[in-house]
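The values are calculated or read from the model by the stated rules, or taken from the named source; none is laboratory data. None of these values were measured; they are calculated from a predicted model. Glycine gets a Cβ as well: all are built from the backbone with ideal geometry, and neighbour counts include every protein chain shown. When the accessible area is computed, the model is the full protein with side chains, heavy atoms only, and any ligands, DNA or RNA have been set aside. Shrake-Rupley method; radii C 1.70, N 1.55, O 1.52, S 1.80 Å.
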Amino acid sequence: GEITNSYLGSEMDATIIEVAFHTSPQDSALMRDPKVRNAHGKAAYRAAVQYFNHFRGGPLAYLPEPPTRFRVVNSGPGSVTLSWQPGPTGSYKGDPATSYRVYRSTDGLGFDGGTPVTGTQHTITDLTPGATYYFRVTGVNAGGESFPTDTLAVRVREIPGPAKVLIVSAYDRLDRFNN
């Protein structure tokens with residue numbers, strides 16, 4: 001009774017999405033897999049964009065995927081250079097990013113409004129030597145703004161010279177066995 005065409009005439013304003021039949025242990029295992037849940041979410045998002053595009057018109061644009069290979073490197077006293085690669089595109093992935101937005105924080109929790117950037121590298125020079133800053137990057141296109149990259153931290157060098165520490169963030173084992 002709640003899902004009916006009588007409210008809007010011939011348009012339907014709600015739907016039920018079934019993503020698994022739950023008839024086997026394999027279905028249950030897949031539903032616990034974050035990659036499968038991510039694919040279901042992207043499919044529902046794309047369907048909603050296509051639905052509203054059909055009735056509202058305009059260019060069909062999907063959010064970009066988050067940038068990849070994000071890194072932050074000290075580039076001199078009071079400055080750091082951020083670099084990244086564009087997020088993947090094609091198939092069920094989003095459309096390419098046309099620009100990026102760099103977010104900065106002093107505590108890793110509250111970020112500023114972001115700085116628009118057109119390339120895949122950005123140097124920030126107004127940082128306090130000895131202070132720790134946190135950064136993340138999003139992709140932007142006509143469809144909107146992507147999810148952010150992982151948040152990276154850097155302590156700004158006080159003196160010129162090579163960095164004494166290299167931290168590699170390569171943990172990618174998000175699966176159904178992790179809480």
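Dipole magnitude for the stretch 23-140: computed about the Cα centre from +1 point charges on Lys and Arg Cβ and -1 point charges on Asp and Glu Cβ, it is near 260 debye. For the chain, the longest principal axis of the alpha carbon atoms and the long axis of helix 34-56 meet at an angle near 70°.
In the complete set of protein chains, residue-level accessible area for Leu60 is approximately 80 Å², probe 1.4 angstrom. Amide H contacts of Gly114: Arg104, each under 5 Å away and 5 or more positions distant or on a separate chain (H built 1.01 Å from N in the peptide plane; Pro and chain starts excluded).
Starting from the Cα gyration tensor of the chain, take the square roots of the eigenvalues, sort them a ≥ b ≥ c, and report rounded, prolate or oblate (rounded when a/c is under 1.5, otherwise prolate if a/b is larger than b/c, else oblate).
Since a/c reaches 1.5 and a/b is larger than b/c, the shape of the chain is classed as prolate.
Atom-type composition of the exposed protein surface of the chain places 54 percent of the accessible area on carbon and sulfur (1.4 angstrom probe). With the simple spin-label model, which puts each label point 7 Å out from Cα in the Cβ direction, the Ser105 to His54 separation comes to 3.9 nm. Residues considered: Lys164, Lys35, Lys93. Largest GNM mean-square fluctuation over the chain, using C-alpha springs under 10 Å, is found at Lys164.
How much FRET efficiency would the formula 1/(1 + (r/R0)^6) give for Arg46 and Thr98, where r is the Cβ-Cβ distance and R0 is 22 Å, rounded to 0.05? Here the calculated transfer efficiency is 0.70.
Sort 122-128, 70-76 for me by packing, meaning the mean count of neighbouring Cβ atoms within 10 Å per residue, highest on top.
Output ranking for 122-128, 70-76: 70-76, 122-128.
Once the Cα-Cα distance is subtracted from the 0.36 nm per residue extended length, the Thr120 to Phe21 segment shows a gain of 31.4 nm. Evaluate E = 1/(1 + (r/R0)^6) for Arg37 and Val165, where r is the Cβ-Cβ distance and R0 equals 35 Å; express this FRET efficiency to the nearest 0.05. In this case the efficiency is close to 0.50.
Solvent-accessible surface of protein heavy atoms, probed at 1.4 angstrom with all chains present, puts His22, His40 in the order His22, His40, largest first. Accessible surface calculations at 1.4 Å, restricted to protein heavy atoms, place the stretch 49-148 at 55 Å² per residue. Straight-line cross-link reach from Lys93 at under 28 Å between alpha-carbon atoms covers these lysines, not counting any fewer than eight positions away in the same chain: Lys35, Lys42. With contributions of -39500 (n - 2.57) from each DSSP H run of at least four residues, the per-residue ellipticity at 222 nm computed over the chain stands at -5500 deg cm²/dmol. Among Tyr45, Gly130, Phe147, which residue has its Cα furthest toward the positive end of the charge dipole of the stretch 25-175, with +1 on Lys/Arg Cβ and -1 on Asp/Glu Cβ? Result: Tyr45, furthest along the dipole toward the positive end.
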